[in-house]
Each structure stands twice: as C-alpha cells, then as structure tokens.
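The values are calculated or read from the model by the stated rules, or taken from the named source; none is laboratory data. Bear in mind that the values here come from a model prediction, so they are computed numbers and not experimental data. Cβ atoms come from the backbone with ideal geometry, glycine included; neighbour counts cover every protein chain shown.
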Amino acid sequence: MTTPATVRIPGPSGARTVELLAPPALITARTPPLSRLVYAAGHVVADPLRAAASVSATIDWDATMAVRHRLWALGLGVAESMDTAQRGMGLDAATALELGWRAVREAASCGGQVVVGIATDQLPAGPATLTAIGDAYLEQLEQIESAGGCVVVMASRQLALSAASVDDYLAIYGRVIEAASRPVILHWLGAIFDPQLAGYWGSDDLDAAVDTVVTLVNAHAEAVVGIKVSLLDAGREGVLRRRLPEGVRVFAGDDFNYAELIAGDESGHCDALLGAFAVIPRYASAALLRLDAADTAGFHTILDPTVALSRLLFEAPTQFYKTGVAWLSFLMGDQSHFRMLAGLESGRTVLHLADLFAEAAGIGLFPDPELAVDRATGYFRGIGL
C-alpha cells in the first residue's frame with residue numbers, strides 16, 4: 001500500500017473517517033528475551049459454524065494453535081488456558097485442559113515456552129468444601145504436569161465463596177504448591193476482571209490481601225516462580241514486587257501500565273504475563289529486543305504508543321476485553337471471522353469496536369491495512385451501517 005488507506009466507520013454522532021497508518025518497520029526477535037520473562041495470554045478461535053451462546057468449547061484447533069505459533073515465532077512465551085482464552089466465559093474445564101495439553105505439545109515441537117493455567121472449574125458453581133477445592137486443583141495439576149507442562153495457579157471462584165479466613169487461602173495454596181513437581185506461577189485476578197473473585201485472599205482491603213500474598217510466598221519461595229497481578233493498579237504491583245523475596249517475580253498483568261512496569265525503576269522491574277501482548281506481539285517482541293540491548297528509550301518508543309489501545313481494549317466492563325482481542329485478530333487476518341465461544345462477540349458495542357479499529361489504525365497495527373478496511377467495512381455494512 002503506497003498511500004494511507006481511509007475508511008468510514010460508525011461514531012456516536014454519525015460516520016467518521018479514519019486513516020490507517022502503514023505498519024511500522026520493527027526489528028523483532030525469534031528467541032525469548034534475555035532481560036525479562038514474558039508470556040502472552042492467547043485467545044481461542046471459535047469454530048464459526050458451531051459457536052453459539054448455548055454451546056461452549058467449540059474451538060477451531062488449527063487456527064487456535066496457529067495463534068500460539070505466531071507468538072512463539074516472535075520469542076514470546078504463551079500463557080495458556082487462562083482468562084484471555086475465555087476460561088469461565090465459554091471455555092469449560094475439560095476443554096481448558098485439552099487446550100493446555102495441545103499447547104504443551106505444540107510448544108515442544110518448536111522450542112516455545114508455555115505455562116498452563118489450572119483452576120477448580122470442574123466443580124459445580126457455588127461454594128464447595130476446602131477438601132474438594134484442593135482436590136480439584138490437584139487433579140488439574142496432575143494432568144498438566146503429566147503432559148510435561150508447568151502451571152499457573154489461577155484464582156478459584158469456589159474458594160472465593162467458601163474460604164472463611166486468610167488461613168483457608170494459605171492452606172489451599174500451600175497444598176497445591178507443595179504437590180507441584182515444578183515451580184509454579186500464582187495468579188491474582190482482580191474483581192475488575194472477574195466480579196466473582198471479589199474479596200480474594202480473604203479481604204476486600206487490597207493492602208491486607210497483599211499481606212496474605214507475601215505471607216504465602218515467603219512460606220514457599222523456593223517453589224514459586226512469581227505471581228501475575230491483574231488489578232490494573234501499577235502502584236500496588238510495585239509495592240508487592242518490593243516486598244517479595246529475592247528471586248520471586250511479579251509478572252505485570254496490568255494492561256493499562258505495562259510499559260512502565262516492565263521497564264522498571266531504580267528498585268527493579270516486573271516481568272510480563274499479558275493478554276495485551278497477544279494483540280501487539282510484534283511491538284512487544286521488538287521493544288523487548290531493545291530492552292535486552294539496554295536501550296530503555298528505544299523500548300518506550302516502540303511500546304508506549306500501544307498503551308492507549310490496550311487501555312481501550314480493557315476498559316470497563318473489563319471482563320469483555322476478550323471480545324476486542326478476537327475483533328482485532330479478525331482485522332489483522334489471524335482468523336477468518338468474528339465469532340466467539342458462547343456468543344461473546346456481543347460483549348462490546350459496535351461503537352467500542354469502531355473505536356478499537358480507529359486506535360489500532362492510528363499505530364499501524366494492521367499488517368495488511370487494505371484487508372483490515374475490507375473486513376471492518378464489511379462487518380459494519382452487514383449490521384446495517
């Protein structure tokens with residue numbers, strides 16, 4: 001494309017014109033970064049002929065694994081079977097485990113890095129006994145580790161409903177960590193991402209919750225790689241990082257402030273486990289390559305322009321960010337349709353989708369701008385605009 005493409009898209013006061021910038025020339029990596037441990041949480045591609053609100057886990061496996069291979073080819077690790085993959089919002093426990101097994105196998109075939117989420121979602125919704133919750137975690141742990149995988153211990157909705165005290169959290173997590181044959185990553189998913197996790201770690205007071213996490217990690221430091229923090233609170237991530245034992249990482253899960261957290265400051269830095277990086281993998285790969293070269297300014301030059309897109313993608317109600325991930329994947333040509341498990345493509349308004357298109361166009365996200373224009377205009381025309 002020799003001249004910028006323009007397209008008319010919906011706006012709150014009528015149609016507006018958007019110009020698509022050509023994709024920037026980025027030097028990307030093919031191997032994992034040296035200065036940070038980085039995972040992108042990939043989404044799943046639905047089978048467009050079978051996906052519906054009443055049918056869960058209808059996955060196009062080939063397209064879904066192709067998403068992972070694109071991430072590995074850029075030197076990024078993959079965080080599998082997590083909330084970006086619609087876990088708890090269309091992806092059931094059995095299919096989440098199958099997704100994990102497949103990703104472990106695919107990673108081994110290409111030398112990619114992968115970690116797989118485990119949870120307690122095979123249990124019925126609602127409260128459960130602490131024994132049942134622990135057993136559910138251990139069942140999933142055994143299945144992933146037996147396939148050769150390392151795990152991310154995800155937050156449990158059942159535990160959030162059933163724990164009577166901080167000690168219940170410490171006991172359950174201690175049981176899981178001690179049973180693991182490999183060091184684990186913990187995951188603190190805030191209520192902004194999943195309202196059913198309100199009060200996690202035994203308190204609505206986040207300072208008290210941080211205290212509990214520090215107590216847990218101090219008791220098991222040798223067996224914990226780190227913790228992914230998804231609170232959209234950069235200050236709290238920094239506080240937690242400074243309180244954890246040496247060698248235990250905080251993986252930035254803050255899709256609003258990841259650039260500053262990964263770059264770090266005089267007290268240290270965060271690593272990364274981000275759904276946003278599955279949307280901007282070329283930018284992430286190129287920026288981390290600059291960070292490996294101790295070029296912090298170059299890192300920010302590449303990555304900072306993506307933050308506004310991520311903030312829009314993850315705006316409230318944040319749990320529907322997955323809709324935007326699939327929308328942008330469709331526009332980038334990484335999947336052939338805009339359908340999602342459990343009909344989640346309806347989770348955002350048309351105006352939000354148009355805003356995402358405009359923001360992405362403004363940073364040159366689309367590798368083929370003409371394809372993006374064709375698909376966006378076709379979609380908007382198809383709904384009568």
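Points to keep in mind about this one:
- Scope the stretch 16-33; condition loosely packed, with under 13 Cβ neighbours inside 10 Å and either free of Cβ contacts under 8 Å to residues at least 24 places away in the same chain or hydrophobic (A, V, I, L, M, F, W, C) (or both); matching residues: THR17, ALA25, ILE27
- Complete set of residues in the stretch 21-61 that are part of a strand (DSSP E or B) and within 28 Å of ILE185 (Cα to Cα): VAL38, TYR39, ALA40, ALA41, ALA46, ILE59
- Take the conditions (1) over 30 Å from LEU303 (Cα atoms); (2) surrounded by fewer than 17 Cβ atoms within 10 Å (Cβ to Cβ); (3) touching a residue at least 60 places away in the same chain (Cβ under 8 Å); LEU49 misses just one of them, which is (3).
- Test for ARG381: is it basic (Lys, Arg) and surrounded by fewer than 21 Cβ atoms within 10 Å (Cβ to Cβ): yes
- Residue match in the stretch 92-110 (condition: of a type in the set (D, E, K, R) and under 21 Å from SER230 (Cβ atoms)): no
- Boolean, GLU237 is part of a loop (DSSP other than H, G, I, E, B) and closer than 28 Å to ASP295 by Cβ: no
- In the stretch 240-256, the residue that is nearest to LEU303 (Cα to Cα) out of those that are touching a Cys at 6+ places or on another chain (Cβ under 7 Å) and outside any helix (DSSP H, G or I) is ALA252.
- Every residue from the stretch 196-210 that is buried (at least 17 other Cβ atoms within 10 Å of the Cβ) and under 17 Å from ALA171 (Cβ atoms): TYR200, TRP201, GLY202, ALA209
- Applying the condition of being within 16 Å of ASP207 (Cα to Cα) and of a type outside the set (A, V, I, L, M) to the stretch 220-241 and asking which residue is nearest to the chain's Cα centre (by Cα) yields SER230.
- Members of the stretch 213-223 found to be surrounded by 20 or more Cβ atoms within 10 Å (Cβ to Cβ) and in contact (Cβ under 8 Å) with a residue 40 or more places away in the chain, listed by number: LEU216, HIS220
- Residue that is nearest to ILE227 (Cα to Cα), among those in the stretch 262-280 that are part of a helix (DSSP H, G or I) and touching a strand residue (DSSP E or B) at 6+ places or on another chain (Cβ under 6 Å): ILE262
- Hits in the stretch 248-261 - residues which are β-branched (Val, Ile, Thr) and farther than 16 Å from SER230 by Cβ: VAL248
- Failed criterion for THR58 (all others in (1) modelled with pLDDT under 95; (2) buried (at least 24 other Cβ atoms within 10 Å of the Cβ) hold): (2)
- Here ALA259 passes the criteria (1) in contact with a strand residue (DSSP E or B) (Cβ under 8 Å, 6 or more places away or on another chain); (2) outside any loop (DSSP other than H, G, I, E, B); (3) in contact (Cβ under 8 Å) with a residue 40 or more places away in the chain except the one numbered (1).
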